[in-house]
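Each value in this text was obtained by applying a stated rule to the coordinates, not by laboratory testing. Because the structure is a prediction, the values reported are computed rather than measured. Cβ sites come from the backbone with ideal geometry, for glycine too, and all protein chains shown count toward neighbours.
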Amino acid sequence: MSRSHIRHELSQLESNLRIEIGKLALSKNISLDTQTSSLCELIALLTQAGLYEHPLFNQITQIDAALCQLDIGLYGLCSDCENEIEVERLDINPVEQRCALCSESHEHEHRQELRLTH
């Protein structure tokens with residue numbers, strides 16, 4: 001997959017997400033300019049509005065991370081082990097941050113963490 005194709009896919013995801021965040025803001029009576037704000041500004045505005053636990057917040061931060069990684073040449077590398085993320089995983093989810101092995105390990109640790117806190 002070429003760099004321009006990846007950027008195009010991420011941009012499409014971002015556009016769709018901006019629409020969803022706009023709908024969320026309207027439903028919460030929050031004034032957000034989702035179309036002209038940069039991703040960093042949008043993330044800051046969502047944080048200030050107390051929406052940092054909403055799934056859309058997580059999605060927008062993942063897109064921001066993937067775009068930053070693309071810009072610095074680290075897109076497609078696992079955030080834990082720095083090995084290449086499997087192409088199949090990136091085809092399914094272009095904002096994937098972990099290879100299959102690290103993802104499995106992370107999920108296992110997270111499940112353990114949830115058990116310990118409940």
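Scanning the stretch 73-87 for residues that are β-branched (Val, Ile, Thr) and buried (at least 18 other Cβ atoms within 10 Å of the Cβ) gives a single hit, Ile85. Inside the stretch 48-67, residues that are of a type outside the set (A, V, I, L, M), assigned to a loop (DSSP other than H, G, I, E, B) and surrounded by 12 or more Cβ atoms within 10 Å (Cβ to Cβ) make up a count of 2. Can we say Leu24 is over 20 Å from Pro94 (Cβ atoms) and in contact with a Phe, Trp or Tyr (Cβ under 6 Å, 6 or more places away or on another chain)? Criteria not met by Leu24. Among the criteria (1) assigned to a helix (DSSP H, G or I); (2) closer than 22 Å to Ile43 by Cα, the one Tyr75 does not fulfil is (1).
Candidates Leu90, Leu45, Leu70, Leu101: the one that is over 15 Å from the mean Cα position of the chain (by Cα), assigned to a helix (DSSP H, G or I) and surrounded by 15 or more Cβ atoms within 10 Å (Cβ to Cβ) is Leu45.
Within the stretch 22-57, the residues that satisfy the criterion of being of a type in the set (Val, Ile, Thr) and out of contact with any Leu (no Cβ under 7 Å at 6 or more places or on another chain) are Ile30, Thr36, Ile43, Thr47.
Name every residue in the stretch 51-92 that is touching a Phe, Trp or Tyr at 6+ places or on another chain (Cβ under 6 Å) and under 22 Å from Gln12 (Cβ atoms), in order of residue number.
Of everything in the stretch 51-92, just one residue is touching a Phe, Trp or Tyr at 6+ places or on another chain (Cβ under 6 Å) and under 22 Å from Gln12 (Cβ atoms), namely Gln69.
Among the residues of the stretch 21-42, those that are touching a residue at least 12 places away in the same chain (Cβ under 8 Å), closer than 21 Å to Cys68 by Cβ and part of a helix (DSSP H, G or I) comprise Ile21, Leu39, Cys40, Leu42.
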